[in-house]
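All of the numbers you see were taken from the coordinates with simple rules; none came from a lab. Here the structure is a predicted model, which is why all the values come from computation and not from measurement. Positions of Cβ are backbone-derived with ideal geometry, glycine not excepted, and every protein chain shown enters the neighbour counts.
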Amino acid sequence: MPVSQTNFAWATLLDVGPPEPGRHRLHDRLAHALRTAIRDGRLPEGAAVPPSRALAEELGCSRWVVTEAYGQLIAEGYLSARVGSATRVSWSPDTAPPRPRTRHTPTPPPIRYDLAPGLPDLRAFPRRRWVDAVRAVIGSAVHYDLGLPDPTGHVVLRTTVAQYLRRSRGADAHAVSVSVCAGVTDGLVRTCRALRAEGITDLAVEDPGWGRLRDAATSAGLRVHPVPVDHDGLRVDDLARTSARAVVVGAAHQFPTGTVLSPARRARLVRWAREVDGFVIEDDYDAEFRYDHHPVAVMQGMDPSRVFLLGSVSKTLSPALGLGWLVAPAVMIPALRAANPVAAAPPVLDQLALATFIDRGWYDAHLRAARRRFRSRRDLLVRTLATGLPDGRVAGTAAGLHILLHLPDGADTRTVVRAAADAGLRLADLDDYRTKQSAERALVLGYGNISDTEIPPALALLREALRSPATQAPPDPGRDHP
Ligand SMILES: Cc1ncc(COP(=O)(O)O)c(C=O)c1O
């Protein structure tokens, strides 16, 4: 018999537990906790599990973690989901083992156009030059390079990255303060472990922000405090209301709002770090792309003793390379090493290929071409929106690989995203990046990996989705119109 009320104490029922070998990612641990609760009968067949947003709030994780866990259990046959109704437990210990989803289950329509943020232009990956760099490295690496790797990265790449960051980002970086890592996320995990070892247990993050950064910090054992963002970036004064002594900030281009941290707030943030004897962790993930003027220099240059700098090639070349860097304050370098005893740098030959790619000027040439391409693609997107969707409002600095689109009055983002997905268009809802639902209704549109010719038909599908009667939000006393 279906159980319609689900007033369980979810946080208690789903004891997500600490990371274990083979199950260190938060969504895997949540899926495991759910599966166990269903298998041992604590979650009976027919019980509705909470909406992903509600469970994420209760467990203090991102909504992405919950949707991934639910998706996994749906695929395994423990849960079933139907459009318009709650996701429910579809298995009981008394019945046969769950049947994984078969091809009889309706599969979502294929994605024809992808306007979700996250990727650079993968078609423009500089394959030929990357092959040249790899070939050069294979031919020239001394046999010592093929020995045991330095866990902080090969000195050649650390030197090259330090030079690159000094000249292009105004950073105060030297080979000794640079560690090579697998990207910003990996760099943040390493940094958080070091902070924890130094007695810092609480970290502030931007809200809205990229959920994986929250998850990375939690997985390293820190308590996370969401702090709001407004048109000047992170609300620095609000940090005083938390017990955080460290903060992650997208100073050059906040994700997903697209704001730039104002000069006054940059100065105040550095002052805050000194006052609390803490640190700022600067996420410089897409700062190479600024289209209205030169990129703003990193905050790290203002006080290298208080600011960590994280960056990667995920937005400039490809996240599949898994190459990034972390610049640490001198005082934290020993803690960083000690707190990450088994963390390995990415494969040495890949590191040397990136060093060659940068040293030969190919990275700068690639960035120049990418800037031109993304500037004109952003212009095309904004122009097409202005004519095709005049009631929408575009926000965000002319930078990076995404814009914010505030929807016309009355449109409900969640149903717009669903209607668009049914038509083959992938979109992202600003609310998905928040820890709590807000009155602001906006989409985050990524233009990195969509071709120019796909933009008009993709926006035509968005217009259609907005016209669908289902997308008009019912009056909601708890959610004002923007
Ligand atoms: C805010 C933010 N920071 C950092 C990154 C890059 O992370 P990584 O270097 O781990 O790929 C992303 C990628 O989507 C991001 O959105």
(message) Place a point 7 Å from Cα of ARG167 in the direction of its Cβ. Which residues in segment 363-392 have their backbone N less than 17 Å from it?
(response) 363-369
(request) Using Cα centres only, tell me the gap between segment 189-243 and segment 44-75 in whole Å. (result) 23
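Pairs of alpha-carbon atoms within less than 8 angstrom and 6+ residues apart define the contacts here; what relative contact order does the chain have, in percent? Display every interim value, and only then the final one.
Working: 889 pairs, mean separation 87.5, N = 482.
Dividing the mean separation by the residue count of the chain yields 18 percent.
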(request) Just rank ARG223, ARG441, fewest to most, by other beta-carbon atoms within 10 angstrom. (result) ARG223, ARG441
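First select every other residue whose beta carbon is under 9 angstrom from the beta carbon of TYR113; then total the charges, Lys and Arg +1, Asp and Glu -1.
Numbers: positive: ARG112, ARG426; negative: ASP114, GLU454.
Here the count lands on 0.
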(request) With a length cut of 15 Å (Cα positions projected on each helix's long axis) and a Kyte-Doolittle mean of at least 0.5, go through the chain and give me the DSSP H helices that pass. (result) 348-359, 455-467
(request) Give the distance, in whole Å, between the Cα centre of segment 320-364 and the Cα centre of segment 153-185. (result) 7
